[in-house]
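What follows is one structure encoded as structure tokens, with my remarks underneath.
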Amino acid sequence: MQILAISLLLAQAAAPAAPPATAPAPKPAPTGPFVALDVTQGRTALGTITIALNEEKAPISVKNFLSYVRAGHYDGTVFHRVMPNFMIQGGGYTPELEEKPTQAAIRNEARNGLRNSRGTVAMARLNEPNSATSQFFINVRDNHMLDFGMAGAGYAVFGEVVSGMDVVERIASVPTTSRGPHQNVPQVAVVIKKAREVKAPPTAEARPSEPAKP
């Protein structure tokens with residue numbers, strides 16, 4: 001079972017008053033490729049999560065993710081680990097929590113400068129840094145303690161949600177339970193009905209890591 005091995009040290013120090021902050025420069029619009037995840041729970045369609053992949057910063061992770069999408073690996077898999085105000089993880093198990101066969105593990109790209117901010121998508125792995133295969137997680141909040149250097153080798157971000165963050169939030173709030181060795185499992189399976197490549201996001205949304213503008 002792939003899990004996130006996380007350790008966080010918090011330190012507080014007094015600092016002089018900072019000068020007035022200037023507005024941050026807008027982030028460049030993502031250029032894709034894009035993948036859409038159609039998600040259901042029971043007989044209810046929860047909606048579609050559209051992810052923009054970052055080939056420039058995470059070429060190995062993107063190639064790996066797309067290979068699973070194109071092979072239909074994610075179709076019928078579940079978000080098997082859901083933790084409110086943290087992340088949702090999926091891509092490796094059937095609704096019966098049977099682990100699907102995977103390709104060889106890939107090299108960890110967490111040192112690519114992309115941060116585990118709200119709405120970003122990263123590779124899940126075992127304690128060994130270069131152990132990621134098909135599983136991924138979507139950050140529900142800023143989880144910068146998972147970045148390279150903060151959590152040792154870190155967790156490699158390779159994309160971001162550009163449409164459907166409301167679906168992610170809905171998944172993050174479902175009731176969960178324990179099933180055998182698995183914890184934080186949705187009581188009613190949250191299934192990726194179909195993972196498919198798309199040319200562009202179907203709708204424009206506020207960037208998930210930035211507050212919506214009035």
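Scanning region 100-137 for residues that are closer than 21 Å to residue 32 by Cβ and of a type in the set (Gly, Ala, Ser) returns 113, 117, 119, 122, 134.
Go through region 156-173 and report how many residues are assigned to a loop (DSSP other than H, G, I, E, B) and surrounded by fewer than 18 Cβ atoms within 10 Å (Cβ to Cβ). Working first, answer last.
We begin by selecting, within region 156-173, every residue assigned to a loop (DSSP other than H, G, I, E, B); these are 156, 164, 173.
Filter again for surrounded by fewer than 18 Cβ atoms within 10 Å (Cβ to Cβ), leaving 173.
Qualifying residue count, region 156-173: 1.
Residues that are touching a residue at least 24 places away in the same chain (Cβ under 8 Å), farther than 20 Å from residue 59 by Cα and touching a Phe, Trp or Tyr at 6+ places or on another chain (Cβ under 7 Å): does region 145-163 have at least one? No, region 145-163 has no match at all.
Filtered by the rule that a residue be without any contact (Cβ under 8 Å) to a residue 12 or more places away in the chain and closer than 19 Å to residue 94 by Cβ, region 56-71 gives a lone residue, 71. Pairing each residue of region 82-94 that is on the phi > 0 side of the Ramachandran plot with any residue that is of a type outside the set (Lys, Arg) and part of a strand (DSSP E or B), provided the two are 6+ apart or on different chains, yields C-beta distances under 8 Å for 91/77; 91/136; 91/192. Among the listed residues 22, 31, identify the single one that is among the polar types (S, T, N, Q), outside any strand (DSSP E or B), at pLDDT below 95 and surrounded by 10 or more Cβ atoms within 10 Å (Cβ to Cβ). The unique qualifying residue is 31.
Entry remark, region 174-203: residues being closer than 20 Å to residue 69 by Cα, assigned to a strand (DSSP E or B) and either small (Gly, Ala, Ser) or under 14 Å from the mean Cα position of the chain (by Cα) (or both) number 2 in total. Across region 44-69, the qualifying residues are those that are more than 14 Å from the chain's Cα centre (by Cα), among the small types (Gly, Ala, Ser) and more than 15 Å from residue 107 (Cβ to Cβ), and the one among them that is surrounded by the most Cβ atoms within 10 Å (Cβ to Cβ) is 47.
Restricting attention to region 82-111, and to residues there that are over 16 Å from residue 169 (Cβ atoms) and under 16 Å from the mean Cα position of the chain (by Cα), which single residue is surrounded by the most Cβ atoms within 10 Å (Cβ to Cβ)? So that I can check it myself, show each step before the final result.
First, the residues of region 82-111 that are over 16 Å from residue 169 (Cβ atoms): 91-111.
After this cut, where a residue has to be under 16 Å from the mean Cα position of the chain (by Cα) as well, the list is 91-93, 108-110.
On the way: 91: 26, 92: 24, 93: 24, 108: 21, 109: 25, 110: 28.
Applying the filter and picking the extreme gives 110.
Would you confirm, using the coordinates I've provided, whether residue 153 is more than 13 Å from the chain's Cα centre (by Cα) and not in a loop (DSSP other than H, G, I, E, B)? No: the conditions fail for residue 153.
The values are calculated or read from the model by the stated rules, or taken from the named source; none is laboratory data. Computed from a predicted model, the values in this text were never measured in an experiment. Note that each Cβ is placed from the backbone with ideal geometry, even for glycine, and that neighbours are counted across all protein chains shown.
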